Structure formats: C-alpha cells, structure tokens
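The structure appears below as structure tokens.
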Amino acid sequence: MVRPSRSYRVFQGINGAVLTLVVIVTLYPFVNIIARSFSGERHIRAGEVTLWPKGFDLTTYDIVLRDAMFWRNYGNTVLYTVVSTVIAMALTTCYAYVLSKRHLRGRGVLVGIAVFTMFFTGGLIPNYVLITSLGLKNTVWALALPNAISVFNLLVMKAFFENLPSELEEAAQIDGLSTYGILARIVLPLSKAVIATMVLFYSVSFWNSWFGAFLYLDRTELMPVTVYLRNLIAGATGGGNAGAGTEQLTQVAANIQAVTIVLTSLPILCVYPFVQRYFVSGVMLGAVKG
C-alpha cells in the first residue's frame, strides 16, 4: 500500500479542520435556537443562553401545543405539502423526460420557455388577479399549481435522464413498451436517487412556504402552520395566548421565535435521514454531465 505523501496529509488535515469549522458554524445557531426555546425569559433577555437551556421553561410550548387551531393548521400544512409535492413531481418528471429527448421537435423552445420563467415573472398583482379569477382562492390549488415546477429541479432531472443509457429504452421499444411504459417501468425505477432528492427539495419548499397562503387563504381554519406561527409572532392572533397571565405572556414573548422555528423544522428533520442516502448521489448524477 502506497503511503500518502506529506503534502497530501497536510491537505487532509487542513481540509478536515476547515470542514469541522463549517459544521460548527452551521450547527451552532440551530443548537442555540433549541436551547432558547426551552429557556426561561430572564436568562434569554440577559443573553446567558448558548448551547444549553437555562431556567428550563415549557410555557410557550404548552400554550402553542394546547391550541386546537395550531393542530388544525399543522394538518393543513401536511395536506398542502403532500398534494403540492405529488403534483410538482408528476409535472416536473414528465416535463424533464420530454426535454431529455434530443430528437424532439421544438425541444429548444420548450427549454427556453422554462428558463425564461427563472428570470421573469408576471408580478405579484397579476398573479393574485389570475388566481382569484380562476376561482382558486381558499383552495389547495392556489398553493400547489403556481409553484408546481421549479426550473432548477427540472434542469437537474433533465440532465439525469439524458445520462441514462439510450440502449435500455431502445430495447424496451423493441419489446413493445409504449413511451409511458418505458417511463414507468424502465426510467423511474432507475431514477430513485434523483426522485428522492427532488421530493426533498419540493417538500421542504412547500412546508416552509407561507407567503402564498398569506395571500390566497382568507379563513384561519385553512391556514398552514407557518402562517399561524407568523401571526403568533406578529401578535396578530391571540388564540394561543387566551387565558395566559402576565408572566406567561412575558415568557412567550421572549422565546416564541425559537419555539416556532423548532416546531416548523422538526418534521423535515425527521424525514431527512430517510432520504439522505439518495441526496448527494441524486444531485451529482443530475448536475454532472457524464
């Protein structure tokens, strides 16, 4: 076995130190947020909370989690995320598969249309007028359809499909499979990595999105949890604070932002480990031309 050279060992040491520093810088804010969410108001305002809770207090968690509207909005978020992700994946996969065919007539025009939308949009007011005139307001479609295709995700999937061996599809055609059969039985089973990556991208985007719901949903019972928590921070809703005393309100005001960040991030953090093994390979296979 060849022993690594001295310069290579130095590079490994420097690289390891830099990556360790990056991990610390990345993790510290989130760990600090978790610690603040469980800390008492006096210690938070004094700036004493770093990596460990001080003056352990669950008042804010108790007030938020006992509110029935919070759980209803949480259920809305799950529904909106699932429906939007399914629609986005279906449209993105089909569009990317079509664009991956070099012999397709008008392929350049279709690619140009997609790329054009990365740089130019209709604007906030025209979009609002369009959604309202189509009767989509106060429905899940107002959140799912306008953001159904991310051009970045589309181009990554397109590059991935282009790298698949064309001989597989030619053999499937000889066996009598149609275009849809090839996509369903040949292409998609070979694309688990990139599909898992795109599902993660879309689900995180839809889960964290709040502005579209803020615009297109008028009724409180239809709101996702992100809007509920945004209103709680802004003091626009008193549902979670009903019956709270002065000390409780002070505690809530001190760590409500930390609590909301933890509550909205937790589901995604629980899902990520199950798709993490596909994440790097999916992005690299779709982004690197082979």
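Some observations on this one:
- Answer residue from region 197-211, given it is of a type in the set (A, V, I, L, M, F, W, C) and surrounded by 18 or more Cβ atoms within 10 Å (Cβ to Cβ) and is nearest to Tyr74 (Cα to Cα) among those: Trp207
- Unmet requirement for Lys101, which otherwise passes all of (1) assigned to a loop (DSSP other than H, G, I, E, B); (2) under 24 Å from Ser203 (Cα atoms); (3) of a type outside the set (Asp, Glu): (2)
- Restricting the first member to region 53-78 and to residues that are acidic (Asp, Glu), and the second to residues that are loosely packed, with under 15 Cβ neighbours inside 10 Å, the beta-carbon pairs closer than 9 Å and six or more apart or on different chains are Asp67/Ala242.
- Matching residues, region 192-225, being in contact (Cβ under 8 Å) with a residue 60 or more places away in the chain, hydroxyl-bearing (Ser, Thr, Tyr) and part of a helix (DSSP H, G or I): Thr197, Tyr202, Ser203, Tyr216, Thr220
Table: residues versus (1) among the small types (Gly, Ala, Ser); (2) at pLDDT 75 or above; (3) surrounded by fewer than 16 Cβ atoms within 10 Å (Cβ to Cβ); (4) not in a helix (DSSP H, G or I).
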position	(1), (2), (3), (4)
Val227	no, yes, no, no
Leu232	no, yes, no, no
Gly243	yes, no, yes, yes
Val259	no, yes, no, no
Tyr278	no, no, no, no
Val283	no, no, no, no
Gly290	yes, no, yes, yes
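- Looking only at region 132-151, residues that are surrounded by fewer than 15 Cβ atoms within 10 Å (Cβ to Cβ) and outside any helix (DSSP H, G or I) come to 3 in all.
- Test: Ala96 is assigned by TED's automatic domain parsing to the domain that holds Lys192, out of contact with any strand residue (DSSP E or B) (no Cβ under 6 Å at 6 or more places or on another chain), closer than 28 Å to Val82 by Cβ and at pLDDT below 90: no
The values are calculated or read from the model by the stated rules, or taken from the named source; none is laboratory data. Worth saying up front: this structure is predicted, and the values here are computed from it rather than measured. When we count neighbours, we look across all protein chains shown, and the Cβ atoms used for this are built from the backbone with ideal geometry, even at glycine.
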